[in-house]
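To start, the structure itself, in C-alpha coordinates.
The values are calculated or read from the model by the stated rules, or taken from the named source; none is laboratory data. This is a predicted model, so every value here is computed, not measured. With ideal geometry, Cβ positions are generated from the backbone for all residues, glycine too; neighbour counts draw on all protein chains shown. Remember, those area values only see protein heavy atoms, side chains included, never the ligands or the DNA or RNA. Shrake-Rupley method; radii C 1.70, N 1.55, O 1.52, S 1.80 Å.
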Amino acid sequence: MNTTILRKSVLGIAGLAFAGGVFAGPVTEAHANPVDAKPVAVVQADKPGVDKSKLIPHGVQGKQSRIDLDDEQTANVKAIIAATKKSDMDERAAVVAIATALQESKLENLGHLGDRNDHDSQGLFQQRPSSGWGTVEQITDPEYSTMAFLKGLKQVDGWKDMPLTKAAQTVQVSAYPDHYAQWEKQAADLVAKHWNS
(Lines give C-alpha, C1' and ligand atoms only; values in the text may rest on other atoms or scores of the structure.)
Protein backbone atom coordinates (compact mmCIF):
# COMPACT_ATOMS: atom_id res chain seq x y z
CA MET A 1 0.00 0.00 0.00
CA ASN A 2 1.13 3.49 -0.71
CA THR A 3 2.56 5.11 2.46
CA THR A 4 1.17 8.50 1.49
CA ILE A 5 -2.35 7.13 1.33
CA LEU A 6 -1.81 5.26 4.59
CA ARG A 7 -0.47 8.38 6.30
CA LYS A 8 -3.44 10.48 5.07
CA SER A 9 -5.86 7.84 6.27
CA VAL A 10 -4.27 7.69 9.73
CA LEU A 11 -4.18 11.48 10.00
CA GLY A 12 -7.81 11.69 8.81
CA ILE A 13 -8.96 9.19 11.44
CA ALA A 14 -6.93 10.98 14.11
CA GLY A 15 -8.44 14.30 13.02
CA LEU A 16 -11.96 12.88 13.27
CA ALA A 17 -11.21 11.49 16.70
CA PHE A 18 -9.84 14.87 17.81
CA ALA A 19 -12.82 16.76 16.38
CA GLY A 20 -15.23 14.28 17.90
CA GLY A 21 -13.58 14.74 21.29
CA VAL A 22 -13.76 18.52 21.05
CA PHE A 23 -17.43 18.52 20.11
CA ALA A 24 -18.54 15.63 22.29
CA GLY A 25 -16.51 16.62 25.32
CA PRO A 26 -14.25 14.53 27.48
CA VAL A 27 -14.92 10.89 27.99
CA THR A 28 -14.08 11.11 31.71
CA GLU A 29 -16.91 11.18 34.23
CA ALA A 30 -18.13 14.69 35.03
CA HIS A 31 -18.76 15.72 38.63
CA ALA A 32 -21.35 18.38 39.31
CA ASN A 33 -20.15 21.28 41.36
CA PRO A 34 -22.67 21.75 44.22
CA VAL A 35 -22.16 25.53 44.11
CA ASP A 36 -23.46 25.58 40.54
CA ALA A 37 -26.44 23.34 41.31
CA LYS A 38 -29.81 25.02 40.92
CA PRO A 39 -32.48 24.53 43.58
CA VAL A 40 -35.34 22.28 42.66
CA ALA A 41 -38.77 23.85 42.99
CA VAL A 42 -40.90 22.06 45.56
CA VAL A 43 -44.55 21.93 44.65
CA GLN A 44 -46.86 21.54 47.62
CA ALA A 45 -50.19 19.89 47.19
CA ASP A 46 -53.20 22.00 48.03
CA LYS A 47 -54.37 21.72 51.60
CA PRO A 48 -57.14 19.18 52.00
CA GLY A 49 -60.58 20.60 51.49
CA VAL A 50 -63.40 20.64 53.98
CA ASP A 51 -66.07 17.98 53.64
CA LYS A 52 -68.92 20.22 52.50
CA SER A 53 -71.54 17.65 53.49
CA LYS A 54 -70.58 18.38 57.13
CA LEU A 55 -71.12 22.11 56.71
CA ILE A 56 -74.81 22.03 55.74
CA PRO A 57 -76.00 18.54 56.71
CA HIS A 58 -79.71 19.46 56.76
CA GLY A 59 -79.81 21.78 53.75
CA VAL A 60 -80.49 25.51 53.98
CA GLN A 61 -83.83 26.86 55.08
CA GLY A 62 -85.50 29.69 53.22
CA LYS A 63 -84.04 32.50 51.18
CA GLN A 64 -80.34 33.07 51.73
CA SER A 65 -78.67 36.44 52.30
CA ARG A 66 -75.09 37.38 51.46
CA ILE A 67 -72.91 40.41 52.15
CA ASP A 68 -69.46 41.42 50.95
CA LEU A 69 -66.87 41.31 53.72
CA ASP A 70 -64.09 43.79 54.35
CA ASP A 71 -60.71 42.93 55.92
CA GLU A 72 -61.98 43.41 59.48
CA GLN A 73 -64.96 41.11 58.93
CA THR A 74 -62.74 38.49 57.30
CA ALA A 75 -60.36 38.69 60.27
CA ASN A 76 -63.36 38.07 62.54
CA VAL A 77 -64.30 34.99 60.47
CA LYS A 78 -60.77 33.67 60.98
CA ALA A 79 -60.94 34.45 64.71
CA ILE A 80 -64.22 32.51 65.00
CA ILE A 81 -62.69 29.54 63.18
CA ALA A 82 -59.56 29.64 65.38
CA ALA A 83 -61.69 29.77 68.55
CA THR A 84 -63.82 26.88 67.25
CA LYS A 85 -60.70 24.75 66.77
CA LYS A 86 -59.42 25.81 70.19
CA SER A 87 -62.75 24.66 71.65
CA ASP A 88 -62.25 21.25 69.99
CA MET A 89 -65.36 21.69 67.89
CA ASP A 90 -65.81 20.89 64.23
CA GLU A 91 -66.55 22.78 61.03
CA ARG A 92 -70.32 22.60 61.60
CA ALA A 93 -69.93 24.48 64.89
CA ALA A 94 -67.99 27.16 63.01
CA VAL A 95 -70.83 27.44 60.47
CA VAL A 96 -73.37 27.91 63.27
CA ALA A 97 -71.15 30.50 64.99
CA ILE A 98 -70.41 32.48 61.82
CA ALA A 99 -74.06 32.47 60.73
CA THR A 100 -75.01 33.72 64.20
CA ALA A 101 -72.43 36.51 64.06
CA LEU A 102 -73.58 37.44 60.54
CA GLN A 103 -77.12 37.87 61.86
CA GLU A 104 -76.20 39.60 65.09
CA SER A 105 -73.50 42.02 63.91
CA LYS A 106 -72.71 41.38 60.22
CA LEU A 107 -69.37 40.12 61.60
CA GLU A 108 -68.50 43.54 63.02
CA ASN A 109 -67.21 43.70 66.57
CA LEU A 110 -69.72 46.28 67.74
CA GLY A 111 -69.35 48.38 70.85
CA HIS A 112 -72.23 50.10 72.58
CA LEU A 113 -74.44 51.75 69.97
CA GLY A 114 -76.19 54.22 72.26
CA ASP A 115 -79.91 54.55 71.55
CA ARG A 116 -79.65 51.99 68.75
CA ASN A 117 -78.34 49.35 71.18
CA ASP A 118 -80.47 46.42 72.24
CA HIS A 119 -80.03 46.89 75.98
CA ASP A 120 -76.30 46.31 76.62
CA SER A 121 -75.62 43.92 73.71
CA GLN A 122 -72.13 44.18 72.22
CA GLY A 123 -69.53 42.32 70.18
CA LEU A 124 -69.81 39.87 67.30
CA PHE A 125 -72.60 37.89 68.94
CA GLN A 126 -74.36 40.83 70.62
CA GLN A 127 -73.88 39.24 74.01
CA ARG A 128 -74.99 41.11 77.12
CA PRO A 129 -72.91 41.64 80.24
CA SER A 130 -76.14 41.92 82.22
CA SER A 131 -77.10 38.41 81.08
CA GLY A 132 -73.85 36.88 82.31
CA TRP A 133 -71.93 36.59 79.05
CA GLY A 134 -68.91 38.41 80.50
CA THR A 135 -67.55 41.92 80.86
CA VAL A 136 -67.65 44.42 78.01
CA GLU A 137 -63.94 43.81 77.44
CA GLN A 138 -64.53 40.06 77.24
CA ILE A 139 -67.55 40.05 74.94
CA THR A 140 -65.87 42.47 72.54
CA ASP A 141 -62.90 40.09 72.25
CA PRO A 142 -63.64 37.81 69.23
CA GLU A 143 -61.96 34.74 70.73
CA TYR A 144 -63.67 35.09 74.10
CA SER A 145 -67.11 35.81 72.64
CA THR A 146 -66.87 32.90 70.21
CA MET A 147 -65.79 30.51 72.95
CA ALA A 148 -68.65 31.73 75.14
CA PHE A 149 -71.11 31.13 72.29
CA LEU A 150 -69.67 27.66 71.63
CA LYS A 151 -69.81 26.78 75.33
CA GLY A 152 -73.53 27.51 75.14
CA LEU A 153 -73.86 25.50 71.93
CA LYS A 154 -72.16 22.47 73.51
CA GLN A 155 -74.85 22.51 76.20
CA VAL A 156 -77.65 22.19 73.62
CA ASP A 157 -78.58 18.51 73.41
CA GLY A 158 -78.55 17.33 69.81
CA TRP A 159 -77.44 20.66 68.32
CA LYS A 160 -75.73 18.84 65.44
CA ASP A 161 -79.04 17.27 64.45
CA MET A 162 -80.96 20.56 64.55
CA PRO A 163 -81.46 23.07 61.79
CA LEU A 164 -78.89 25.84 62.21
CA THR A 165 -81.43 28.48 63.18
CA LYS A 166 -82.83 26.33 66.02
CA ALA A 167 -79.34 25.59 67.40
CA ALA A 168 -78.35 29.27 67.24
CA GLN A 169 -81.65 30.41 68.76
CA THR A 170 -81.33 27.99 71.67
CA VAL A 171 -78.05 29.70 72.60
CA GLN A 172 -78.95 33.29 71.70
CA VAL A 173 -82.62 33.51 72.72
CA SER A 174 -83.32 36.13 70.08
CA ALA A 175 -86.54 38.01 69.45
CA TYR A 176 -86.13 36.87 65.81
CA PRO A 177 -85.41 33.13 66.08
CA ASP A 178 -85.68 32.30 62.37
CA HIS A 179 -83.34 35.00 61.08
CA TYR A 180 -80.17 32.93 61.59
CA ALA A 181 -81.18 30.54 58.78
CA GLN A 182 -80.61 33.12 56.03
CA TRP A 183 -76.83 33.15 56.65
CA GLU A 184 -76.14 29.40 56.54
CA LYS A 185 -74.89 29.27 52.93
CA GLN A 186 -72.50 32.20 53.30
CA ALA A 187 -71.27 30.87 56.65
CA ALA A 188 -70.59 27.45 55.09
CA ASP A 189 -68.75 29.07 52.18
CA LEU A 190 -66.59 31.05 54.61
CA VAL A 191 -65.74 27.95 56.65
CA ALA A 192 -64.88 26.01 53.48
CA LYS A 193 -62.59 28.84 52.38
CA HIS A 194 -60.83 29.57 55.70
CA TRP A 195 -60.91 26.38 57.80
CA ASN A 196 -57.57 25.11 56.43
CA SER A 197 -55.98 28.47 55.62
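Annotations for the structure displayed:
- Rough spin-label spacing in nm, given labels placed 7 Å along Cα→Cβ, for H58 and S130: 3.1
- Summary of packing: across the peptides 76-88, 52-64, the per-residue average of other C-beta atoms within 10 Å ranks them, highest first, as 76-88, 52-64.
- Distance-filtered residues of the stretch 155-197 - backbone nitrogen under 19 Å, label point 7 angstrom along K78 Cα→Cβ: 187-197
- The peptide list 134-144, 95-105, 154-164, put in order of mean Cβ contacts within 10 Å with the highest first, becomes 95-105, 134-144, 154-164.
- Carbon and sulfur %, accessible surface of the stretch 46-114 computed with the full protein complex present, 1.4 Å: 47
- Gained length - S197 relative to M162, 0.36 nm times residue gap less alpha-carbon distance: 9.8 nm
- In this structure, the pairs whose alpha-carbon distance is over 20 Å, taken from K151/K185; K85/K193; K63/K154; K78/K185, are K151/K185; K63/K154.
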